[in-house]
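The values are calculated or read from the model by the stated rules, or taken from the named source; none is laboratory data. Every value quoted in this text rests on a predicted model; they were computed, and no experiment measured them. All Cβ positions, glycine included, derive from the backbone under ideal geometry; neighbour counts span all protein chains shown.
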């Protein structure tokens, strides 16, 4: 039983590819933005905090706190004049995690002019730092019926533009 526990822990920190999954203490924001930057503990502390409530698979409600993805994109100047329209509507986020997991979010899904949903980059769950296997940063998409896009151990947020082949 002890060996099985060690193997399970090794899977979380090494991953199926055999690569060590570093717990990155920063998130690179880049891609099609005017001002790429890195979110560190210091930049995270400077930004406005928000909270969202999400039900877990077991039906319990949890409160996640962090910073709005929209605020992150505003700081990076991802959308000209901060007005999502025209060609800017083809932009999307590619969010990457330490284990290689990636998800996509269209920019209108996080823009307050289009939705009341607040997607956040969280660093706390129920007032405590995220557990090591979830953090230090986790994307929270509160209105998704399945938590598949609430990526754990986020390392990159890239703004990309869809183009017809």
- Item | Given (1) surrounded by 15 or more Cβ atoms within 10 Å (Cβ to Cβ); (2) part of a helix (DSSP H, G or I), number of the condition residue 139 does not satisfy | (2)
- Candidates 145, 57, 53, filtered to the one that is on the phi < 0 side of the Ramachandran plot, loosely packed, with under 12 Cβ neighbours inside 10 Å, in contact (Cβ under 8 Å) with a residue 40 or more places away in the chain and not in a strand (DSSP E or B): 57
- Query: Does residue 33 fit the bill of being modelled with pLDDT of 55 or more, within 27 Å of residue 81 (Cα to Cα) and part of a loop (DSSP other than H, G, I, E, B)?
  - Reply: yes
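So that you can scan it fast, the table gives a plain yes or no per residue for (1) at pLDDT below 95; (2) farther than 21 Å from residue 162 by Cα:
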{"position": "43", "(1), (2)": "yes, yes"}
{"position": "76", "(1), (2)": "no, no"}
{"position": "82", "(1), (2)": "yes, no"}
{"position": "122", "(1), (2)": "no, yes"}
{"position": "128", "(1), (2)": "no, yes"}
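State which residue is farthest from residue 104 (Cα to Cα) when the search covers only region 117-129 and only residues that are in a loop (DSSP other than H, G, I, E, B) and within 13 Å of the chain's Cα centre (by Cα). Please lay out each step first, then the result.
First pass over region 117-129, keeping only residues in a loop (DSSP other than H, G, I, E, B): 117-119, 126-127.
Next, only the ones that are within 13 Å of the chain's Cα centre (by Cα) stay: 118-119.
Details: 118: 16, 119: 12 Å.
It comes out as 118.
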- Task: Select from region 102-112 the residues that are closer than 14 Å to residue 162 by Cβ and in contact with a strand residue (DSSP E or B) (Cβ under 6 Å, 6 or more places away or on another chain) and write down the one among them that is surrounded by the fewest Cβ atoms within 10 Å (Cβ to Cβ).
- Result: 104
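Please tell me if residue 72 is touching a residue at least 24 places away in the same chain (Cβ under 8 Å), in contact with a strand residue (DSSP E or B) (Cβ under 8 Å, 6 or more places away or on another chain), part of a helix (DSSP H, G or I) and closer than 21 Å to residue 158 by Cβ. Quick ask: steps written out before the conclusion?
Working: touching a residue at least 24 places away in the same chain (Cβ under 8 Å): yes; in contact with a strand residue (DSSP E or B) (Cβ under 8 Å, 6 or more places away or on another chain): yes; part of a helix (DSSP H, G or I): yes; closer than 21 Å to residue 158 by Cβ: yes.
Yes.
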- Message: Of the residues 38, 87, only one is more than 17 Å from residue 152 (Cβ to Cβ) and either assigned to a helix (DSSP H, G or I) or at pLDDT below 95 (or both); which?
- Response: 87
- Query: Of all residues in region 78-101, which are without any contact (Cβ under 8 Å) to a residue 40 or more places away in the chain and touching a strand residue (DSSP E or B) at 6+ places or on another chain (Cβ under 9 Å)?
  - Reply: 79, 84, 88, 89
